[in-house]
């Protein structure tokens, strides 16, 4: 095996190890192939939607890197599996994630700032858990986000102004999240917004005039 081949194998194993640790910390059983170092097999690559009923927990992979020689985990779903505990730090090693769905579990602790490192992310759903603390400003680094869901948690504090950097955002779900304070003026940049669910919070101040300029808005 050449040195380059060894490097490629190590990169593949990095994703696999991170995935296995995440599942282990959350008390989930992983499929046997994931223990062998290649999680990107079967339904992970055959075109099956990650939202199919039998894909829970589930992953999807993209194997086009390095002339189709490297697979990366790009989607991860753990939906309504009674998962308990904090969001594992090892998620930060899945740097190619575009979709993260951890909805309807019993996740606790703060929303970790390291999620802001996953800059390929397009959809992130953490709603219906027991997360607490403030929304980290680092989420403002996720400039490719189209959907962000933090609703039905035990968060505190106000919306960080850095979320105004998410100019591709089309759907924002923060209802019943425990938030307060004013809606940041930086949100005026979120002109692609289609759905904003923000009820059952303690927001203060005026409803911003710029919302009237969100010409794509269909649900408020």
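The values are calculated or read from the model by the stated rules, or taken from the named source; none is laboratory data. The structure presented is a predicted model; accordingly, all values stated were derived computationally and were not measured. Here the Cβ positions follow ideal geometry from the backbone for every residue, glycine too, while neighbour counts run over all protein chains shown.
Among the residues of region 22-43, write down those that are closer than 14 Å to residue 78 by Cα and at pLDDT 80 or above. Break it down into steps so the answer makes sense when it comes.
Our first condition is that a residue be closer than 14 Å to residue 78 by Cα; within region 22-43, this holds for 22-31.
22, 23, 24, 25, 26, 27, 28, listed by residue number.
Being under 23 Å from residue 149 (Cβ atoms) and out of contact with any strand residue (DSSP E or B) (no Cβ under 7 Å at 6 or more places or on another chain) is the filter here, so list the residues in region 55-77 that pass it.
Passing the criteria: none in range.
I'd like to check something: does region 198-220 contain any residue that is closer than 22 Å to residue 98 by Cβ, in contact (Cβ under 8 Å) with a residue 12 or more places away in the chain, in a loop (DSSP other than H, G, I, E, B) and in contact with a strand residue (DSSP E or B) (Cβ under 7 Å, 6 or more places away or on another chain)? Outline the logic, then answer.
Restricting attention to region 198-220, the residues satisfying the condition of being closer than 22 Å to residue 98 by Cβ are 216.
Filter once more, keeping what is in contact (Cβ under 8 Å) with a residue 12 or more places away in the chain: 216.
Filter once more, so that each one left must be in a loop (DSSP other than H, G, I, E, B): 216.
Subsequent filtering for residues that are in contact with a strand residue (DSSP E or B) (Cβ under 7 Å, 6 or more places away or on another chain) retains none.
Looking for residues that are closer than 22 Å to residue 98 by Cβ, in contact (Cβ under 8 Å) with a residue 12 or more places away in the chain, in a loop (DSSP other than H, G, I, E, B) and in contact with a strand residue (DSSP E or B) (Cβ under 7 Å, 6 or more places away or on another chain), one finds none in region 198-220, hence no.
Test residue 176 against the stated conditions and say whether it is part of a loop (DSSP other than H, G, I, E, B) and in contact (Cβ under 8 Å) with a residue 40 or more places away in the chain. Lay out the reasoning, then the answer.
Working: part of a loop (DSSP other than H, G, I, E, B): yes; in contact (Cβ under 8 Å) with a residue 40 or more places away in the chain: no.
No; evaluated as a whole, the condition is false for this residue.
Mind counting the residues in region 51-64 that are surrounded by 13 or more Cβ atoms within 10 Å (Cβ to Cβ) and touching a helix residue (DSSP H, G or I) at 6+ places or on another chain (Cβ under 9 Å)? Break it down stepwise before answering.
From region 51-64, those surrounded by 13 or more Cβ atoms within 10 Å (Cβ to Cβ) are 51, 55-63; that's our starting set.
Now drop any that are not touching a helix residue (DSSP H, G or I) at 6+ places or on another chain (Cβ under 9 Å), which leaves 55, 57-61.
The qualifying residues number 6.
For residues that are farther than 24 Å from residue 80 by Cα and in contact with a strand residue (DSSP E or B) (Cβ under 6 Å, 6 or more places away or on another chain), tally how many sit in region 152-182.
Residues flagged as farther than 24 Å from residue 80 by Cα and in contact with a strand residue (DSSP E or B) (Cβ under 6 Å, 6 or more places away or on another chain) within region 152-182 amount to 2.
Inside region 165-200, can you point out the residues that are farther than 17 Å from residue 124 by Cβ and crowded, with 18+ Cβ neighbours inside 10 Å?
Result: 176, 178, 183, 187.
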